[in-house]
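Accompanying notes for the structure given below.
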Amino acid sequence: MGIPALNLAESRGEAFLKKLGAADIKAARALSAEAIQKSIEGGMGGGGFRPAADGYVVPNDLYSLYQGGRFNDTPLLLGNTSEEAATMGGRGNITPEAFEKQIKSQYGAHADVILSGYPHSTDAEAAKASRAVRQSSSSWNTWTWARLQSQKGKGKAFEYIFDYIHTSPDVGSGHGSDVPYAFQTLSGGRGGAPKPEDLKLSDVISSYWVNFAKTGDPNGAGLPKWPAFTENDQQAMVFDAAPSARPVPNLDKLKAFDAYMSWRREEAKK
């Protein structure tokens, strides 16, 4: 989902050169770092530039590579936090009208399906729905990758969801909040000294990671059973106060995004 086609990446590059006032790449290279940084801060950088499917370094997007059987068939351990967008800022204050406009602009013919799954009748609901939509798009990537591996490969896929850190009752764990637990770096965090329960969870998660690195399977002695994800049994390990394997949550929303992405792929062929 995050790998643009070469022609799209090239068009973004051309737009950036135009914003810089540079006739070609040679002229852009003659500019100062300060001038380029200023243009990036003005809205043309960051997520606008990312690895593109150039057919050489990146042969194609991940979905197409799986469909064509052109992937490294190896066990996968993959996952996401329960609310990736919680720590990304932006879109904090949004009205129901603005939310609907945003979704209709982004999802076109599939907007009504997306909107129906996210209550947004008040400003508070709209703000929560906006975060939830961004989370669903992130979760779709993980879910789809696990599905493709289980469908097309022999290596097992193990999916997880980190849902332990909550800044408020209605906000889940933000992007990257799982990393200190996986790598046992809690003592260097900004939240002060870790509590015993934090250290216990970190030991569980890091043990899974080490087991997977050793054998391609995260399971081991003294750990809750982590079943492999399969198309017919879509389980994920949920890391919260009581880690356990559970059915992948919000499947209705994931399937709505999947229908949208299928439509996008068909449109791209025209």
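All of the numbers you see were taken from the coordinates with simple rules; none came from a lab. What you are looking at is a predicted structure, and each value in this text was computed from that prediction instead of being measured. Neighbour counts are summed over all protein chains in view; Cβ atoms, including those assigned to glycine, are modelled from backbone coordinates with ideal geometry.
What net charge is computed for the residues neighbouring Arg265, neighbours being all others with C-beta under 12 Å from the C-beta of Arg265, Lys and Arg scored +1, Asp and Glu -1? Show your work: numbers first, answer last.
Working: positive: Arg264, Lys269, Lys270; negative: Asp61, Asp258, Glu266, Glu267.
Summing Lys/Arg as +1 and Asp/Glu as -1 gives -1.
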Quiz item: Shape of segment 73-269 from its Cα gyration tensor (a ≥ b ≥ c, root eigenvalues): rounded if a/c is under 1.5, otherwise prolate when a/b > b/c, or oblate?
Solution: oblate
Quiz item: Lys225: which lysines have alpha carbons under 18 Å from its alpha carbon, excluding same-chain residues fewer than 8 sequence positions away?
Solution: Lys156, Lys200, Lys214
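Using the per-residue mean of other Cβ atoms lying within 10 Å as a proxy for protection, in what order, highest first, do the peptides 151-163, 258-270 fall? Before the final figure, lay out the partial values.
Numbers: 151-163: 19.2, 258-270: 11.7.
Those peptides, ordered most packed to least, come out 151-163, 258-270.
If you count the DSSP beta bridges with both ends in segment 73-269, what percent of them are antiparallel, to the nearest 5?
Details: 6 of 15 bridges.
About 40 percent, rounded to the nearest 5.
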Practice problem: Determine the calculated [θ] at 222 nm for the chain from helices alone, applying -39500 (n - 2.57) to every DSSP H run no shorter than 4 residues and normalising by the residue count; nearest 500 deg cm²/dmol. | Solution: -14500 deg cm²/dmol
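Looking at this model, which pairs from Lys128/Lys270; Lys26/Lys270; Lys18/Lys104; Lys104/Lys270; Lys38/Lys128 are more than 25 angstrom apart at the alpha-carbon? List each step's numbers first, then the result.
On the way: Lys128/Lys270 35 Å; Lys26/Lys270 35 Å; Lys18/Lys104 29 Å; Lys104/Lys270 22 Å; Lys38/Lys128 32 Å.
Checking Cα-Cα distances, Lys128/Lys270; Lys26/Lys270; Lys18/Lys104; Lys38/Lys128 exceed 25 Å.
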